[in-house]
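K.L.:
Have a look at this one before I ask anything.
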Protein chains: 2
Amino acid sequence: MTSLKNDLILRTLRGEKTERTPVWMMRQAGRYLPEYRATRARAGSFLDLCKNAELACEVTLQPLERYPLDAAILFSDILTIPDAMGLGLYFTEGEGPKFERPVRTAANVDKLFVPDPNQELQYVMNAVSTIKQGLQGRVPLIGFSGSPWTLACYMVEGSGSKNFARIKKMMYDAPELMHRLLEIVSQSVISYLQAQIEAGVQIVMVFDTWGGNLTTADYQEFSLAYSQKIAQALQANNPETPRMLFTKAAGVWLAPMADAGYDGLGVDWTTDLKPARELTQDRVVLQGNLDPTALYASPETIRQKVRNVLADYGHGHKHIFNLGHGILPDINPEHVTAMIDEVHQSSPAYHK
Amino acid sequence: MTSLKNDLILRTLRGEKTERTPVWMMRQAGRYLPEYRATRARAGSFLDLCKNAELACEVTLQPLERYPLDAAILFSDILTIPDAMGLGLYFTEGEGPKFERPVRTAANVDKLFVPDPNQELQYVMNAVSTIKQGLQGRVPLIGFSGSPWTLACYMVEGSGSKNFARIKKMMYDAPELMHRLLEIVSQSVISYLQAQIEAGVQIVMVFDTWGGNLTTADYQEFSLAYSQKIAQALQANNPETPRMLFTKAAGVWLAPMADAGYDGLGVDWTTDLKPARELTQDRVVLQGNLDPTALYASPETIRQKVRNVLADYGHGHKHIFNLGHGILPDINPEHVTAMIDEVHQSSPAYHK
């Protein structure tokens, strides 16, 4: 195994003193890059790209060629698990992901099974191995999964949703059924992330895109409890691999999230890092949180906003710079250069 | 002038001791009611319905015929002001509101003017007068406006938006221009709400639908500062009329919102009323916050969730029961009956 040339983000997640703030971007391998769009065009569909290890490796490495990033993130889809369960994932242009066979009834839930990561999800593990070889130890590779709640939202609704009518009805009227569904999804996420670690990822991240749409009690019962279960299993079996959790729109819940077994928490741009740090008391690393739309602004404005984020976090070593959500597809790639350069220039002062 | 038969919500907003918790619903005159859909079909377009005082009155009164609600709310659109400024509001089926002439440049901003509420917006004042006659003093009438930030979002984007790229770019790169736009919109909102009060509304509410998409500093500078300016002007000229402010997804900002000159704050369902009350220290009335999707559940579950909201607020008189957002168009009207009945049954215990 090649030793790591840049382990800054790992040292940050272990709580060590560091020389500067590490930086990467959610969706950094994506449509804002012309070289990504070119590979995507060669691949065929988005799923074809995910399932082709060489091309998935190619797009994973593209942002590293352009920018001095401190991590790579596996190129894959958030919905690989329900697809592996046989729900029939497909994409329609401009409408986002959909499932041919959504999960609506107790009979549907009973038919679900924990996919074998080395069978149905083998293509993801192949991508991890290929990317690891391609990386040559330049930076750590982040693996990921959707959270059980977020996966369940897509599985029950059959697509993205504005109001989540179907899953909310199940949650409110049939909470035991909801829990059975979440339990099997959680077991699947655990075995999936463990397999990613065995294949070579050095950090795992759980994306809870839709948890922020719940009440506090429901967030704890139907989302955070399962994210915690995942963290506990990974902690028991893979204690060396740092874990991160990102729930969008979760500013009011950061304190309980800091006790859920994760080393790092993503923070979106609507919550300032200073109060987030007060709520979590340096028990966890905080990752974020430049407004993704700030990258529409001029490079000078972007640099000022980067300095604001760094100053808001303040002195300390438990900060990973990132956007508050994924980079948007119509961002000018040169604006990203300004953002990353400013993190490199201005963050060392906060590490003295 | 007819004296009010039910002034419970006014007494609540004045901070008086009351016998039970008042209840109404955002978008209570709306598509979930078959009688609304029938009137809407007779009116023609949605804007035709807003501009026809008799029909706007008819739909405003419809939910009061079905349910023992404690307030009526003016039936109108949130975008009447920019339409009156000549931007050309129109609706396309399934896509929401759009403007023919969005505001994108300094020259566009320079052409904006404060509409005369008794000229361009006379149809709204006619609707208020007609509704007041129709109400016969049964309950107070709530008037409303979009917040300056929310109106500016639609004016600059030209429609609803997922990422608000255009207005964020203006805000980040041309903050003085953004402030000039917000200033003229604020003056328009002040004169619009004052005219509604003169025409007979007894409470005014400012809806800040998109403020929750900002960072804390930007929320204070570009949204809350203007909502505060509106409150101050109304306080000076119409001190007897209570003011309410609702910013969606604003749980982390409730403390500064409580100092912005409003008597009541709307709270969405993702923030519990107990911490909301701790943050605001009974300085304001809190309005909310049943998850609108809870109305998809069975009447028994709905009643339990209503009791949870009441218990979460706890003992006290500064609570108005409402949904955490507008009622959804596919809710069963009989489920609303259960919700309101439960507020009537269970809230008196918290007022002893």
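K.L.:
About its Cα centre, how strong a charge dipole does segment A:55-176 have in debye, to the nearest 20, once Lys and Arg get +1 and Asp and Glu get -1 at the Cβ?
P.N.:
Result for segment A:55-176 is approximately 220 debye, rounded to the nearest 20.
K.L.:
If you take every DSSP beta bridge whose two residues both sit in chain A, what share of them, in percent to the nearest 5, is antiparallel?
P.N.:
Once the DSSP bridges in chain A are tallied, antiparallel ones form about 15 percent.
K.L.:
Please give the calculated 222 nm ellipticity per residue for chain B, where each DSSP H segment of at least 4 residues contributes -39500 (n - 2.57) and the sum is spread over every residue; nearest 500 deg cm²/dmol?
P.N.:
Mean residue ellipticity, 222 nm, calculated: -13000 deg cm²/dmol.
K.L.:
Next question, about the same structure. Using a Förster distance of 35 Å, how high is the FRET efficiency between A:ALA311 and A:PHE46, based on the Cβ-Cβ distance and rounded to 0.05?
P.N.:
In this case the efficiency is close to 0.35.
K.L.:
Right, here's the next one. 7 Å along Cα→Cβ for the label point: how many nanometres lie between A:LYS5 and each equivalent label in the other copies, listed shortest first?
P.N.:
Taking the point 7 Å beyond Cα along Cα→Cβ, the inter-copy spacings are 8.0 nm.
K.L.:
Just give the residues from segment A:215-230 buried by at least 20 square angstrom of accessible area in the all-chains context relative to the isolated chain, probe 1.4 Å, and say none if nothing qualifies.
P.N.:
A:THR215, A:THR216
K.L.:
Taking all protein chains in place and a 1.4 Å probe, what share, in percent, of the accessible surface of segment A:172-216 do carbon and sulfur account for? Intermediate results must be reported in sequence, preceding the final value.
P.N.:
Working: 720 of 1210 Å².
The value for segment A:172-216 is 59 percent carbon and sulfur by accessible area.
K.L.:
Could you name every residue in segment B:240-258 that has 30 Å² or more less accessible surface in the full protein assembly than in its own chain alone (probe 1.4 Å, ligands and nucleic acids excluded)?
P.N.:
Those are B:VAL252, which lose 30 Å² or more relative to the chain on its own.
K.L.:
So if I average 1/r over every pair of distinct C-alpha atoms in segment A:54-128 and take the inverse, what Kirkwood radius in Å does that give? Before the final figure, lay out the partial values.
P.N.:
On the way: mean 1/r = 0.0686 Å⁻¹.
Across segment A:54-128, the inverse of the average 1/r is 14.6 Å.
K.L.:
Can you grab the distance from the C-alpha centre of segment B:173-209 to the C-alpha centre of segment B:26-101, Å, no decimals?
P.N.:
20
K.L.:
Next up: Just the number, please: carbon plus sulfur as a percent of the accessible area of segment B:47-114, 1.4 Å probe, no ligands or DNA/RNA counted.
P.N.:
Working: 1410 of 2850 Å².
Here carbon and sulfur together make up 50 percent of the probe-accessible area.
K.L.:
Name the long-range amide H neighbours of B:LEU89: under 5 Å, sequence gap of 5 or more, or other chain; modelled H, no Pro or chain starts.
P.N.:
So B:LEU89 has HN proximity to B:GLU100.
K.L.:
Let me ask something additional. Leaving out ligands and nucleic acids, and using a 1.4 Å probe, what accessible area per residue does segment A:258-352 come to in Å²?
P.N.:
For segment A:258-352, the solvent-accessible area averages 34 Å² per residue.
K.L.:
Taking the alpha carbon gyration tensor of segment A:175-262, what are the square roots of 5 times its eigenvalues, largest first, to the nearest whole Å?
P.N.:
22, 16, 10
K.L.:
How much net charge surrounds B:PRO348 when only other residues with a Cβ under 10 Å from its Cβ are counted (Lys, Arg +1; Asp, Glu -1)?
P.N.:
So the surrounding residues net to +1.
K.L.:
With every protein chain kept in place and ligands, DNA and RNA left out, what is the accessible area per residue of segment B:1-125? Probe 1.4 Å, answer in Å².
P.N.:
Accessible surface, normalised per residue, equals 46 Å².
K.L.:
Continuing with this model, one more query. Which value, in Å to one decimal place, does the Kirkwood hydrodynamic radius take for segment A:237-290 when every pair of different Cα atoms is included? Could you put the intermediate results ahead of the total?
P.N.:
Details: mean 1/r = 0.0899 Å⁻¹.
About 11.1 Å, per the Kirkwood formula over Cα pairs.
K.L.:
What ³J(HN,Hα) values, in whole Hz, does the Karplus curve 6.51 cos²θ - 1.76 cosθ + 1.60 give for segment A:330-345 when θ = phi - 60°, with x put for Gly and Pro?
P.N.:
9, 7, 6, x, 5, 5, 5, 4, 4, 4, 5, 4, 5, 4, 4, 6
K.L.:
Give me the percent of Cα-Cα pairs in segment A:1-73 that sit more than 14 Å apart, rounded to a whole number.
P.N.:
Everything past 14 Å amounts to 64 percent.
K.L.:
Restricting attention to the alpha-carbon atoms of segment A:176-335, what are Rg (one decimal) and Dmax (integer), both in Å?
P.N.:
Rg and Dmax of segment A:176-335, Cα atoms, are 16.6, 53 Å.
K.L.:
Continuing with the same structure: For chain A, find the longest principal axis of its Cα atoms and tell me its angle to the long axis of helix A:122-135, 0 to 90°, nearest 10.
P.N.:
10
K.L.:
Run the dipole for chain A about the Cα centre, Lys and Arg Cβ at +1, Asp and Glu Cβ at -1, nothing else charged, and hand back the magnitude in debye, nearest 20.
P.N.:
Roughly 260 debye, rounded to the nearest 20.
K.L.:
Of all the Cα-Cα pairs you can form in segment A:191-238, what percent are over 16 Å apart?
P.N.:
Tail fraction, whole percent: 45.
K.L.:
Treating the beta-carbon of each Lys and Arg as +1 and of each Asp and Glu as -1, no other charges, what is the dipole magnitude of segment A:1-87 about its Cα centre, to the nearest 20 debye?
P.N.:
Value, rounded to 20: 220 debye.
K.L.:
Amide H neighbours of A:GLN287 under 5 Å, at least 5 residues apart or on other chains, H built in the peptide plane: list them.
P.N.:
Answer set, sorted by chain and number: A:LEU265, A:GLY266, A:VAL267, A:ILE320.
K.L.:
Just need log10 I(q)/I(0) for the protein assembly as shown at q = 0.07, 0.08, 0.09, 0.11 Å⁻¹, Debye formula, equal scatterers on the alpha-carbon atoms, no solvent, rounded to two decimals.
P.N.:
So the normalised log intensities work out to -0.50, -0.65, -0.83, -1.21.
K.L.:
Now for a different question. Please report, in cubic angstrom per residue, the volume enclosed by the convex hull of the alpha-carbon atoms of chain B.
P.N.:
122
K.L.:
Using alpha carbons only, how many angstrom separate the centre of segment B:269-342 from the centre of segment A:102-161?
P.N.:
Between the Cα centre of segment B:269-342 and that of segment A:102-161, the gap is 36 Å.
K.L.:
Using a 1.4 Å probe on protein heavy atoms, which residues of segment A:303-323 have at least 30 Å² less accessible area in the complex than alone?
P.N.:
At a threshold of 30 Å² (probe 1.4 Å), the residues of segment A:303-323 that become less exposed are A:LYS305.
K.L.:
Which order, highest average first, do A:99-109, B:262-272 follow once you tally other Cβ atoms within 10 Å for each residue and take the mean per peptide?
P.N.:
Going from most to least packed, we get B:262-272, A:99-109.
K.L.:
What is the mean number of Cβ atoms from other protein chains located within 10 Å of the Cβ atom of each residue in peptide A:162-170, rounded to a whole number?
P.N.:
Shielding by partners across A:162-170 averages 4.
K.L.:
To the nearest 100 Å², how much accessible surface do chains B and A cover up together, summed over both, with a 1.4 Å probe? Please report the intermediate quantities before stating the final value.
P.N.:
On the way: alone 14040 and 14040 Å², together 25790 Å².
In total, chains B and A hide about 2300 Å² from solvent.
K.L.:
I would also like to ask the following. Could you work out, for segment B:283-352, what percent of all Cα-Cα pairs fall into each 5 Å distance bin, beginning at 0 Å and stopping at the bin that holds the largest distance?
P.N.:
3, 18, 30, 25, 14, 7, 2, 0
K.L.:
A follow-up question, please. With every protein chain present, what is the per residue accessible area of segment B:210-251 (1.4 Å probe, Å²)?
P.N.:
35
K.L.:
Got a number for carbon plus sulfur as a percent of segment B:228-271's accessible area, 1.4 Å probe?
P.N.:
44
The values are calculated or read from the model by the stated rules, or taken from the named source; none is laboratory data. As the structure is a computational prediction, the values presented were derived from the model and not from experiment. Positions of Cβ are backbone-derived with ideal geometry, glycine not excepted, and every protein chain shown enters the neighbour counts. All accessible areas refer to the heavy atoms of the entire protein, side chains included, with ligands and DNA or RNA removed. Shrake-Rupley method; radii C 1.70, N 1.55, O 1.52, S 1.80 Å.
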